[in-house]
Amino acid sequence: MSRDTVTVALAQLQPSADVAQNLRLIEELAVGASDQGVEWLLLPEYATCLDGRRASMEVAADLADTIHEFISATARRLGIWILLGSYVLRSNSGKMVNRSVLFDSAGKEIAYYDKLHMFDVVLPDGRQIRESSAYEGGDRAVVVETPWGLVGMSICFDLRFPQLFRTMAQAGAEVIVVPSAFAIATGELHWSALLRARSIENSAFILAPATCGESPGNRPTFGHSMIVDPSGRIVASLDDQPGLLVHKLPMGEVAQQRIKMPTLKADRAFELCRLPTR
């Protein structure tokens with residue numbers, strides 16, 4: 001039986017290339033969240049290291065076990081759930097994996113998700129990012145049981161693939177997390193629009209903790225961490241500065257919205273016919 005409410009905190013931070021420094025900051029945020037009665041702290045993508053230089057990220061990948069244990073111990077010590085939005089670790093292929101991990105209040109890893117979609121783009125400012133040159137994508141979607149309901153997991157660029165969110169919602173996800181390091185060049189136009197769209201389409205809470213500011217290696221990120229309710233309304237958000245966004249989620253709103261707008265039940269299988277020009 002899921003609980004009626006859960007108090008969450010979305011951490012918005014400006015990660016450096018210094019893993020130890022980032023972990024100290026995360027610990028401070030976790031303590032601050034716990035002091036405010038938070039039950040679930042959500043960290044953004046690349047929370048433990050963000051650097052545009054591959055060599056720096058590979059150094060962080062070699063510290064993956066240390067990072068995992070630190071976040072686990074923090075969750076256990078404070079008695080709160082923690083979503084490690086993502087950290088990097090080595091894959092068997094020699095590339096890195098961008099992985100999100102959910103820890104429960106005893107510090108146990110409940111679920112992990114490897115980012116499916118690689119950020120291979122040319123941004124409006126002309127800057128090119130080829131995530132697939134250094135990272136290996138995952139191959140599975142994840143929906144996990146929690147005390148307050150079913151949670152779907154995604155990371156940043158996944159936001160642009162509505163079929164992933166639909167699949168998780170059809171599997172029962174009531175909350176979908178989108179930890180991100182969203183590019184400034186597309187943030188103003190796309191960030192809130194995409195978050196609201198994924199919420200509206202699936203009648204789910206969307207929790208999007210984000211990085212902000214200028215990280216090393218020319219990696220500026222947009223910030224504007226956001227909570228969107230199941231009707232698509234932005235109920236809480238931050239600007240482009242570091243901070244902690246605390247909000248209580250009334251979980252009953254998911255069922256209410258899905259009764260009002262039963263689009264998940266209305267899904268139908270169909271065939272696509274591509275017709276020739278006459």
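GLY94 fulfils the conditions (1) farther than 24 Å from GLY138 by Cβ; (2) at pLDDT below 95; (3) among the small types (Gly, Ala, Ser) except for a single criterion, (1).
So is MET153 in contact (Cβ under 8 Å) with a residue 40 or more places away in the chain, among the aliphatic types (A, V, I, L, M) and touching a strand residue (DSSP E or B) at 6+ places or on another chain (Cβ under 7 Å) or not? In short, yes.
In the set (1) closer than 21 Å to ASP239 by Cα; (2) in a helix (DSSP H, G or I), VAL31 fails one condition alone, (1).
For the criterion of being under 18 Å from the mean Cα position of the chain (by Cα), surrounded by fewer than 19 Cβ atoms within 10 Å (Cβ to Cβ) and modelled with pLDDT of 95 or more, ALA204 fails. Going through region 192-206 one residue at a time, which ones are aliphatic (A, V, I, L, M), touching a Lys or Arg at 6+ places or on another chain (Cβ under 9 Å) and part of a helix (DSSP H, G or I)? Passing the criteria: only LEU194.
When region 241-271 is limited to residues that are in a helix (DSSP H, G or I) and small (Gly, Ala, Ser), the one that is nearest to CYS212 (Cα to Cα) turns out to be GLY252.
Across region 76-103, the qualifying residues are those that are free of Cβ contacts under 8 Å to residues at least 40 places away in the same chain and farther than 25 Å from PHE157 by Cβ, and the one among them that is surrounded by the fewest Cβ atoms within 10 Å (Cβ to Cβ) is ARG77. Scanning region 171-186 for residues that are surrounded by fewer than 24 Cβ atoms within 10 Å (Cβ to Cβ), more than 19 Å from PRO147 (Cα to Cα) and modelled with pLDDT of 95 or more yields a total of 0. Output the residue which, of all residues in region 162-177 that are of a type in the set (A, V, I, L, M, F, W, C) and not in a strand (DSSP E or B), is farthest from SER225 (Cα to Cα). Restricting to residues being of a type in the set (A, V, I, L, M, F, W, C) and not in a strand (DSSP E or B), the top hit is ALA171. Against the test of being at pLDDT 95 or above, of a type in the set (A, V, I, L, M, F, W, C) and either within 22 Å of ARG140 (Cβ to Cβ) or assigned to a strand (DSSP E or B) (or both), the options VAL121, VAL101, VAL38 yield a single qualifying residue, VAL101. The residue that is farthest from GLU131 (Cα to Cα), counting only those in region 27-56 that are more than 19 Å from the chain's Cα centre (by Cα) and aliphatic (A, V, I, L, M), is VAL31. On the given criteria, is LEU78 hydrophobic (A, V, I, L, M, F, W, C), at negative phi and at pLDDT 95 or above? Judged against the criteria, LEU78 is a match. Going by the conditions given, is ARG274 of a type in the set (D, E, K, R), assigned to a loop (DSSP other than H, G, I, E, B), over 21 Å from ILE184 (Cβ atoms) and without any contact (Cβ under 8 Å) to a residue 60 or more places away in the chain? The answer is yes for ARG274. A residue that is closer than 29 Å to ASN218 by Cα, surrounded by 14 or more Cβ atoms within 10 Å (Cβ to Cβ), out of contact with any helix residue (DSSP H, G or I) (no Cβ under 6 Å at 6 or more places or on another chain) and modelled with pLDDT of 95 or more occurs somewhere in region 142-153.
The values are calculated or read from the model by the stated rules, or taken from the named source; none is laboratory data. It should be emphasised that the depicted structure is a prediction, and the values quoted were computed from it without experimental measurement. Note that we place each Cβ from the backbone using ideal geometry, even for glycine, and neighbour counts take in every protein chain shown.
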